[in-house]
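What follows is a short report on a single structure.
The values are calculated or read from the model by the stated rules, or taken from the named source; none is laboratory data. Note that the coordinates shown come from a computational prediction; the quantities given were computed from them, not determined experimentally. No Cβ is skipped: glycine too gets one built from the backbone with ideal geometry, and neighbour counts run over all protein chains shown.
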């Protein structure tokens with residue numbers, strides 16, 4: 001059957017046709033000269049994108065890859081990093097109204113009659129030569145503070161988890177934009193043909209705020225740039241293995257025949273997603289051998305398990321995922337995203353945060369050490385942090401040994417280590433109440449711009465045209481945080 | 001009273017000048033375009049020349065009044081003034097000749113038309129430069145590159161900013177533009193000659209020009225930074241120094257007012273640095289070795305052979321000259337390595353880890369002048385391989401963890417001048433050896449595990 005598929009050819013729309021013919025042949029030829037779609041409807045647009053991408057990296061990169069240890073639910077900066085003795089002095093008193101002002105609170109605590117100050121129950125000490133403040137919740141991380149760069153003045157506009165996570169991962173609170181890893185995959189391409197550029201690992205068995213696959217989605221970018229989740233257990237990537245009875249050769253033959261058909265189809269209707277599909281099949285075929293190899297951690301020596309902690313022998317834990325992250329980094333996967341849920345402590349914070357810290361502290365520190373001794377920290381950027389911070393007042397009843405903290409987008413702390421980032425420094429500061437930023441605010445877009453910068457990408461130049469305009473990760477915002485660049 | 005009227009008339013000059021321009025262009029058009037020259041056409045042309053002369057004369061007179069107001073420097077005015085006067089004289093002559101019915105032949109007409117056109121262009125252009133600033137003409141053109149970088153900075157990309165000096169390249173050009181007209185060796189107003197560094201420091205009749213380290217005692221700084229209403233303010237006419245020119249001058253005096261202060265010293269003041277960087281479109285950050293490399297883009301055909309081979313490579317810069325290369329096969333052979341030497345100048349980072357690399361295969365490494373990071377970890381390598389790495393001139397980072405390298409290599413490491421980091425975890429070196437090396441070479445970082 002010979003269908004006329006031209007109306008499906010997205011590179012040449014009816015509008016293009018009318019624009020090009022309404023002024024006669026002159027316009028037709030002029031249109032051909034100035035438009036990415038030539039008079040015969042062949043799109044140079046994808047080629048144009050390619051030529052823009054050819055200019056990448058825009059400058060010499062410091063980092064080749066990123067490991068983002070995302071702490072979902074928002075860890076309390078006031079109990080981990082941001083030491084505020086004033087809050088302990090004023091324990092139980094009302095937060096001065098001059099501090100909160102007219103600022104928006106979440107619906108969860110805005111109805112409270114009082115906003116009692118909750119000083120942290122945990123002891124803070126200065127560590128290392130850099131004298132960074134850390135609470136005793138994170139003894140292992142405390143030992144490596146001289147490798148870390150803290151930003152205590154991060155802020156965001158989003159006040160609830162999903163928009164805030166979507167914001168920090170995609171640069172917009174509304175879903176639908178590509179994730180950071182997808183942008184990098186799109187812009188910089190692969191360093192390992194056998195593995196995806198963007199891999200996601202999620203701690204198994206944690207509850208808390210839901211995590212959606214769109215957080216590592218490709219948005220409007222070609223779908224081969226989406227993050228691929230590697231699961232713990234028998235099937236790291238779902239539906240990757242051949243069904244029983246199908247050998248590798250049969251599968252290969254199948255795929256090459258399929259590829260021929262797809263190429264015919266692509267020549268007919270020109271949809272770039274078909275090319276994506278072809279490359280996805282090819283990637284999946286290669287991953288059938290490469291993924292089991294990289295996911296096997298049983299042959300790691302015992303001292304490595306000791307370093308990452310006892311959890312690390314149980315697949316699916318944060319610690320085991322940290323070992324995997326290192327292995328993926330060794331294989332030059334560009335963006336490795338871990339998610340660890342359960343930091344959302346609206347109540348019973350002192351009890352719950354201890355558990356969370358124990359699950360992540362040793363392995364996070366171990367990952368940085370392990371990367372360092374292998375020389376990988378030279379070109380790997382490690383990021384640890386959540387989507388926003390937590391309030392200085394207690395949500396719900398404040399007791400001497402118990403409190404909760406509500407969402408607080410106005411300031412939070414993250415830390416980074418590795419490629420291109422200064423070691424042993426702290427950037428920014430908050431006021432004595434840990435509520436507002438007093439020094440060097442760093443917006444999510446600034447953070448994203450800096451991340452891109454470290455990978456050699458000018459965040460203002462990596463764009464993708466969609467729905468009539470060019471999009472970028474930082475939209476129209478973002479300034480590189482020069483102060484932390486080494 | 002009379003003076004004020006003159007001043008007022010002077011301010012009308014920019015308005016009046018457009019009259020002779022209009023008249024003369026109309027006259028020229030009539031005399032060129034109308035081919036049949038009967039008497040009435042000829043008379044119209046003669047009247048046109050007359051009007052051009054009269055209006056030109058008035059414009060010149062008003063211009064003279066404006067000049068007397070001292071808004072502009074003599075040097076700026078000269079060409080404008082004299083070409084304007086020439087215009088008036090020429091229009092007068094031609095009008096007279098025509099009015100007296102001299103028989104003017106065609107070629108005389110052509111020459112005079114052409115000459116008057118040139119004069120009006122010159123006068124108009126230089127007049128425009130005075131009111132709209134130098135270079136106003138091309139400013140708005142989209143295809144003319146906006147180049148606010150003085151030529152000296154254009155070569156900066158190749159040179160290090162160490163070879164550019166604050167006084168010579170930032171401050172003196174400003175003096176040259178704003179001060180030299182009155183303060184030069186022929187014309188020392190106030191006894192000040194600003195054509196040479198020594199004389200600038202010395203100053204003039206009123207005292208020290210520059211007091212090193214103290215801008216507030218430096219007359220030159222004081223005069224250009226005081227209120228513009230003061231009678232001592234400099235320059236007395238024309239555009240004053242801009243904010244950042246004054247700021248750079250102050251920084252320079254603060255920092256000793258030396259003849260040869262390199263531009264890189266600006267790094268000690270974040271504000272001045274960003275001001276200068278922005279104004280002159282410079283990048284004064286400290287640059288790493290590879291950033292200073294200026295290699296030609298690599299021939300893509302040379303990389304063709306790598307496409308299906310066991311290497312993975314990517315460019316490190318948009319100019320496509322620097323490469324990061326990784327061996328991705330399981331076992332490396334001599335052939336694989338020979339392939340690499342074809343692009344030896346361009347390999348900046350090289351990763352040959354975990355590929356059964358043997359010591360002897362590394363003998364080729366000395367041919368890589370720009371290699372800064374070498375990763376050969378997790379191979380059965382011994383101290384012998386370190387001897388080969390010695391000849392890589394610009395090596396900064398060497399990763400040999402998981403090899404058989406021993407303390408014996410420390411001797412060679414200490415001879416490698418550019419080496420900054422060595423990764424020695426899981427090798428055969430001893431803590432004692434590391435300790436000893438560190439005391440002798442404190443600048444080199446050894447990473448040997450935790």
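Is it the case, given these coordinates, that residue A:207 is modelled with pLDDT of 95 or more, away from chain B (no Cβ under 14 Å) and either part of a loop (DSSP other than H, G, I, E, B) or farther than 24 Å from residue A:315 by Cα (or both)?
No, not satisfied.
Against the condition in contact with a strand residue (DSSP E or B) (Cβ under 7 Å, 6 or more places away or on another chain), in a strand (DSSP E or B) and touching a residue at least 24 places away in the same chain (Cβ under 8 Å), how does residue A:435 come out, does it pass?
no
So is residue A:362 touching a residue at least 24 places away in the same chain (Cβ under 8 Å), within 14 Å of chain B (Cβ to nearest Cβ), within 14 Å of residue A:138 (Cα to Cα) and not in a loop (DSSP other than H, G, I, E, B) or not?
In short, yes.
As an exercise: evaluate residue A:348 against (1) touching a residue at least 60 places away in the same chain (Cβ under 8 Å); (2) surrounded by fewer than 24 Cβ atoms within 10 Å (Cβ to Cβ); (3) touching a strand residue (DSSP E or B) at 6+ places or on another chain (Cβ under 9 Å); (4) more than 13 Å from every other protein chain (Cβ to nearest Cβ) and give the number of the one condition it does not meet.
Unmet condition: (1).
Return the residue satisfying two criteria in turn: it lies in segment B:403-415 and is in a loop (DSSP other than H, G, I, E, B) and crowded, with 21+ Cβ neighbours inside 10 Å, and of such residues it is farthest from the other protein chains (Cβ to nearest Cβ).
Once the filter is applied, the top-ranked residue is B:405.
Just a yes or no: is a residue in segment B:307-323 under 21 Å from residue B:381 (Cβ atoms) and surrounded by 12 or more Cβ atoms within 10 Å (Cβ to Cβ)?
Yes, that holds for at least one residue.
For segment A:171-193: of the residues being more than 14 Å from chain B (Cβ to nearest Cβ) and outside any loop (DSSP other than H, G, I, E, B), which is farthest from residue A:158 (Cα to Cα)?
For segment A:171-193, the residue satisfying everything is A:186.
Would it be correct to say that residue B:351 is surrounded by 20 or more Cβ atoms within 10 Å (Cβ to Cβ) and under 21 Å from residue A:193 (Cα atoms)?
yes
Quick check on segment A:45-68. Is at least one of its residues modelled with pLDDT under 95, away from chain B (no Cβ under 14 Å), part of a helix (DSSP H, G or I) and touching a helix residue (DSSP H, G or I) at 6+ places or on another chain (Cβ under 8 Å)?
yes
Quick check on residue A:279: is it surrounded by 17 or more Cβ atoms within 10 Å (Cβ to Cβ) and either over 22 Å from residue A:330 (Cα atoms) or assigned by TED's automatic domain parsing to the domain that holds residue A:212 (or both)?
Spelling it out, it is not the case that residue A:279 is surrounded by 17 or more Cβ atoms within 10 Å (Cβ to Cβ) and either over 22 Å from residue A:330 (Cα atoms) or assigned by TED's automatic domain parsing to the domain that holds residue A:212 (or both).
Quickly run through segment B:363-376 and pick out the residues that are crowded, with 17+ Cβ neighbours inside 10 Å and more than 13 Å from residue B:398 (Cα to Cα).
Of everything in segment B:363-376, those that are crowded, with 17+ Cβ neighbours inside 10 Å and more than 13 Å from residue B:398 (Cα to Cα) turn out to be B:368, B:370.
Hey, among B:379, B:426, B:418, which residue is within 13 Å of another protein chain (Cβ to nearest Cβ) and either surrounded by 20 or more Cβ atoms within 10 Å (Cβ to Cβ) or under 22 Å from residue A:418 (Cα atoms) (or both)?
The conditions single out B:426.
Any chance you could count how many residues in segment B:403-436 are touching a residue at least 40 places away in the same chain (Cβ under 8 Å) and within 15 Å of residue B:377 (Cα to Cα)?
Number satisfying all stated conditions: 1.
Within segment A:262-274, does at least one residue satisfy the condition of being buried (at least 17 other Cβ atoms within 10 Å of the Cβ) and at positive phi?
yes
Within segment B:256-287, can you find the residues that are free of Cβ contacts under 8 Å to residues at least 40 places away in the same chain and assigned to a loop (DSSP other than H, G, I, E, B)?
If the condition is that a residue be free of Cβ contacts under 8 Å to residues at least 40 places away in the same chain and assigned to a loop (DSSP other than H, G, I, E, B), then B:269, B:283, B:285, B:286 are the ones that fit.
Looking only at segment B:429-450, how many residues end up being more than 14 Å from chain A (Cβ to nearest Cβ) and either in contact with a strand residue (DSSP E or B) (Cβ under 6 Å, 6 or more places away or on another chain) or assigned to a loop (DSSP other than H, G, I, E, B) (or both)?
Number satisfying all stated conditions: 5.
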